[in-house]
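Taking it in order: structure first as structure tokens, then the write-up.
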């Protein structure tokens with residue numbers, strides 16, 4: 001029998017088209033007679049729109065139409081929010097602004113023209129009379145009385161508030177209470193491919209096709225159908241190649257409904273491709289949380305309880321999951337630790353800024369950053385080793401499944417194992433000796449740790465806004481080739497390869513005889529999509545279960561054709577064999593028999609295809625330990641990264657090369673937040689970091705060499721044992737940098753420095769400490 | 001409005017008529033249908049639109065098509081010869097140097113140029129050579145390995161031939 005492919009470093013089947021420039025992203029699709037759309041967007045965070053004069057634009061040669069909110073208000077619906085939060089204030093989010101604009105980038109009008117240059121020219125010819133209004137910008141300031149209101153009709157900027165439990169009795173038992181305020185700054189996801197939509201209305205067929213760069217084609221189809229009041233079964237959503245999402249395309253956007261409307265109105269295909277500036281102002285941001293934390297601890301490092309208050313900067317509107325982000329933070333608040341009592345309160349705040357929503361990790365990096373910073377703060381306050389404090393509070397392997405006070409049950413884990421491996425690889429004890437020596441010589445080196453746990457494989461449907469299952473159809477064609485239709489919609493994660501690996505092993509066919517199809521709602525059965533590190537754990541399991549169904553049928557066909565009882569045949573790795581008789585039928589031969597349908601058991605349907613909708617019974621909880629060492633130059637505040645070690649446990653690994661890739665990329669985004677990235681709005685709500693020129697993404701020279709290792713603790717939640725790894729790097733890495741820099745500066749007594757760790761900030765912290 | 005230019009793109013010479021303000025990248029994508037060259041920012045920062053112009057890697061969103069008049073251009077589509085991948089393309093496939101693939105064509109073209117200038121680069125030199133290309137997926141590590149692979153493979157082939 002051929003070697004199993006699961007667990008192997010299999011080269012990706014997606015790559016040949018991507019490395020030769022022959023794949024198709026939305027902007028690569030050209031339809032005859034296609035028109036181009038460009039948006040006029042508000043340059044103000046908050047403004048009254050007194051008038052819109054489009055005459056000059058309409059007279060411009062090549063311009064076909066100018067469309068404003070007055071026209072689309074009753075045609076394009078409102079932008080949906082699927083998050084359920086009690087007593088949530090919900091501003092009506094029309095697709096185009098009506099009499100007010102609520103954030104910089106708020107779409108006000110669309111120009112449709114014969115080509116993209118003309119469309120952009122004509123945007124500048126529209127005369128909008130904006131009357132700027134005071135804007136709510138900083139979320140903490142927005143909560144103060146008398147602050148400008150983001151939505152004056154609510155008379156407050158507080159969109160929702162949840163109160164925490166009273167745990168003051170627990171706090172009375174503490175030897176010490178460690179407090180810290182921590183900022184999790186706003187970030188811009190920056191997928192390299194901006195968003196884009198093509199809408200094509202076929203009046204004869206009464207069918208509307210939308211090509212969109214999205215992570216959720218089916219959910220998007222349902223929502224856009226509702227927005228347009230259009231029959232869902234006549235709406236086809238195609239996601240061709242998608243150039244990265246990271247959560248920013250896990251959404252339903254105004255442009256998707258608007259383009260559909262425009263195409264139906266003009267009876268022509270219409271394309272809109274987001275500019276990078278639009279991507280910065282009009283595609284969701286991530287994070288944006290300010291947290292005040294108090295930890296009640298014993299002198300030996302045992303944690304008794306935690307109070308946590310989040311101020312969450314929601315932005316002007318609720319996009320698909322906006323208010324759910326701080327709630328997700330709450331689910332994993334206790335991290336890798338046994339913390340018996342937790343009081344969590346959340347204030348969701350409207351600001352005149354772009355909405356925040358799911359960005360790689362979505363609420364969980366915020367929680368991990370907080371808890372991992374606090375573990376170091378506790379160690380610092382109690383003069384204990386940060387390793388010791390962490391280990392003291394870990395649940396032990398035999399305590400799994402482990403229920404946390406946040407209402408989730410961790411499936412499996414061995415946190416000490418991962419941490420020990422990480423410590424050994426980075427040489428923790430040796431580093432501490434070197435550090436002591438270095439300090440004597442006036443060098444400031446430091447080490448930062450993080451022990452993360454994340455919630456992956458989102459998730460059981462009762463815990464999800466729109467169903468948390470995933471679907472797969474596995475079809476054996478008459479020639480024995482295998483077609484897999486997956487409802488997950490991968491966009492860089494490589495599931496065309498990993499799903500084919502699973503199928504190749506289970507069916508005993510060659511990898512090249514399998515095709516994985518996704519991202520077309522007219523071809524693929526309803527699915528949920530790719531986000532929340534779910535595609536392999538949930539979607540891959542759906543593939544696995546569909547194959548089981550298909551093989552059960554195949555077994556019956558084989559027995560019938562071999563002339564034996566069903567219980568007399570067994571799977572031999574690539575077909576069914578009659579036990580002890582030397583007779584067998586390969587899965588390909590069974591497929592042919594199933595389609596010829598001349599020799600099928602009585603009453604059996606012809607064909608060999610099975611669909612499975614897999615509903616996970618729980619989330620999965622991958623974990624790991626990351627460590628970094630740094631050397632801080634106290635004269636400039638700049639620091640060098642010496643080594644980075646990542647030990648991740650994502651359960652069973654399908655393709656180690658792709659897992660490494662996910663870890664590396666995740667760490668790059670975590671490092672980006674820790675060191676460089678920051679969406680800065682000024683007090684008027686103007687975005688100051690609205691281009692790559694001002695918003696610092698990590699480049700090649702910013703990244704350290706990442707030393708990857710793993711432990712493997714399979715999940716009992718699904719039969720594959722896989723947990724998910726898409727967000728691990730981002731979740732695990734962010735706190736290690738701050739922990740390391742603060743550790744390096746321990747001789748100064750510095751307690752905390754907020755991200756991003758700019759040299760200037762570090763230098764100022766050193767100066768302040770010297771003065772103190 | 002039209003302005004006549006002559007270009008050799010991936011070995012094919014032709015005359016074209018373009019608007020003077022047409023960016024080279026839009027010209028390649030929309031007029032010559034070579035959509036392998038991508039647009040990530042239009043401001044010369046991300047490098048997704050990198051092509052070879054007379055052998056030099058340039059960001060094709062930063063020049064007008066008319067400025068390229070008379071030039072030889074190689075895009076990602078022109079890199080493989082007779083169905084055989086260029087060593088840098090092969091390296092990206094072998095070492096998983098890409099995930100979503102959007103930055104990849106520009107990244108590969110920059111890799112080709114860096115190996116032309118330095119056939120045996122250190123990791124640090126590889127990183128320096130690719131500093132003008134942004135990738136949001138990979139964390140760059142596998143890209144460095146991909147270029148390292150391509151250098152080794154090219155040098156081995158040269159030694160054999162030599």
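The values are calculated or read from the model by the stated rules, or taken from the named source; none is laboratory data. Treat the numbers as computed from the prediction; the structure is a model and nothing was measured. Backbone-built Cβ (ideal geometry, glycine too); neighbour counts: all protein chains shown.
See the values below:
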read-out: Residue identified as surrounded by fewer than 24 Cβ atoms within 10 Å (Cβ to Cβ) and more than 16 Å from residue A:151 (Cα to Cα) among A:311, A:332; value: A:311
read-out: Test: residue in region A:417-425 that is within 14 Å of chain B (Cβ to nearest Cβ) and either touching a residue at least 24 places away in the same chain (Cβ under 8 Å) or closer than 30 Å to residue A:387 by Cα (or both); value: no
read-out: Some residue of region A:66-74 being surrounded by fewer than 18 Cβ atoms within 10 Å (Cβ to Cβ) and part of a strand (DSSP E or B); value: no
read-out: Output for region A:109-148, where each listed residue is part of a loop (DSSP other than H, G, I, E, B), within 26 Å of residue A:76 (Cα to Cα) and out of contact with any helix residue (DSSP H, G or I) (no Cβ under 9 Å at 6 or more places or on another chain); value: A:114
read-out: Residue A:173 over 27 Å from residue A:224 (Cβ atoms) and in contact (Cβ under 8 Å) with a residue 60 or more places away in the chain; value: yes
read-out: Selection count where residues are farther than 22 Å from residue A:625 by Cα, assigned to a loop (DSSP other than H, G, I, E, B) and more than 9 Å from chain B (Cβ to nearest Cβ), scope region A:686-716; value: 7
read-out: Qualifying residues in region A:242-273 (those that are away from every other protein chain (no Cβ under 14 Å) and in a loop (DSSP other than H, G, I, E, B)) - the one surrounded by the fewest Cβ atoms within 10 Å (Cβ to Cβ); value: A:267
read-out: Failed item, numbered, when residue A:649 is tested on (1) within 14 Å of chain B (Cβ to nearest Cβ); (2) within 30 Å of residue A:397 (Cβ to Cβ); (3) under 20 Å from the mean Cα position of the chain (by Cα); value: (1)
read-out: Any hit, region A:14-30, residues being modelled with pLDDT of 95 or more, touching a strand residue (DSSP E or B) at 6+ places or on another chain (Cβ under 8 Å), closer than 27 Å to residue B:38 by Cα and in a strand (DSSP E or B); value: yes
read-out: Odd one out for residue A:221, checked against (1) at positive phi; (2) away from chain B (no Cβ under 14 Å); value: (1)
read-out: Qualifying residues in region B:7-44 (those that are away from every other protein chain (no Cβ under 12 Å) and under 14 Å from the mean Cα position of the chain (by Cα)) - the one farthest from residue B:132 (Cα to Cα); value: B:9
read-out: Of the criteria (1) surrounded by 21 or more Cβ atoms within 10 Å (Cβ to Cβ); (2) farther than 30 Å from residue A:722 by Cβ, which one residue A:15 fails; value: (2)
read-out: So residue A:492, is it crowded, with 21+ Cβ neighbours inside 10 Å, modelled with pLDDT under 95, outside any strand (DSSP E or B) and away from chain B (no Cβ under 14 Å); value: no
read-out: Residue match in region A:607-617 (condition: within 30 Å of residue A:441 (Cα to Cα), at pLDDT 95 or above and outside any helix (DSSP H, G or I)); value: no
read-out: Flag if residue B:161 is away from every other protein chain (no Cβ under 14 Å) and surrounded by fewer than 17 Cβ atoms within 10 Å (Cβ to Cβ); value: yes
read-out: Residues of region A:83-108 that turn out to be touching a helix residue (DSSP H, G or I) at 6+ places or on another chain (Cβ under 8 Å) and farther than 22 Å from residue A:358 by Cβ, as a count; value: 5
read-out: Candidate set: region B:136-152, residues that are touching a residue at least 24 places away in the same chain (Cβ under 8 Å) and within 7 Å of chain A (Cβ to nearest Cβ); chosen: the one farthest from residue B:91 (Cα to Cα); value: B:136
read-out: Qualifying residue in region B:94-114 (condition: more than 13 Å from chain A (Cβ to nearest Cβ) and either under 30 Å from residue B:14 (Cβ atoms) or modelled with pLDDT under 95 (or both)); value: yes
read-out: Qualifying residue in region A:727-740 (condition: in a strand (DSSP E or B) and away from every other protein chain (no Cβ under 14 Å)); value: no
read-out: Which listed residue is in a helix (DSSP H, G or I), on the phi < 0 side of the Ramachandran plot and crowded, with 23+ Cβ neighbours inside 10 Å, from B:97, B:91, B:36; value: B:91
read-out: Only one of A:686, A:673 that is out of contact with any helix residue (DSSP H, G or I) (no Cβ under 8 Å at 6 or more places or on another chain), in contact (Cβ under 8 Å) with a residue 12 or more places away in the chain and not assigned by TED's automatic domain parsing to the domain that holds residue A:530; value: A:686
read-out: Residue among A:202, A:235, A:210, A:228 that is more than 13 Å from chain B (Cβ to nearest Cβ), free of Cβ contacts under 8 Å to residues at least 24 places away in the same chain and touching a strand residue (DSSP E or B) at 6+ places or on another chain (Cβ under 9 Å); value: A:202
read-out: Residue A:345 being surrounded by 24 or more Cβ atoms within 10 Å (Cβ to Cβ) and over 23 Å from residue A:284 (Cβ atoms); value: no
read-out: Candidates A:545, A:570, A:506 - the one that is on the phi < 0 side of the Ramachandran plot, in contact with a strand residue (DSSP E or B) (Cβ under 7 Å, 6 or more places away or on another chain) and crowded, with 18+ Cβ neighbours inside 10 Å; value: A:545
read-out: Verdict on residue A:45 being modelled with pLDDT of 95 or more, away from chain B (no Cβ under 14 Å), touching a strand residue (DSSP E or B) at 6+ places or on another chain (Cβ under 6 Å) and on the phi < 0 side of the Ramachandran plot; value: no
read-out: Flag if residue A:296 is surrounded by fewer than 22 Cβ atoms within 10 Å (Cβ to Cβ) and away from chain B (no Cβ under 14 Å); value: no
read-out: Residue in region B:61-77 that is at positive phi and either within 13 Å of chain A (Cβ to nearest Cβ) or without any contact (Cβ under 8 Å) to a residue 60 or more places away in the chain (or both) present; value: no
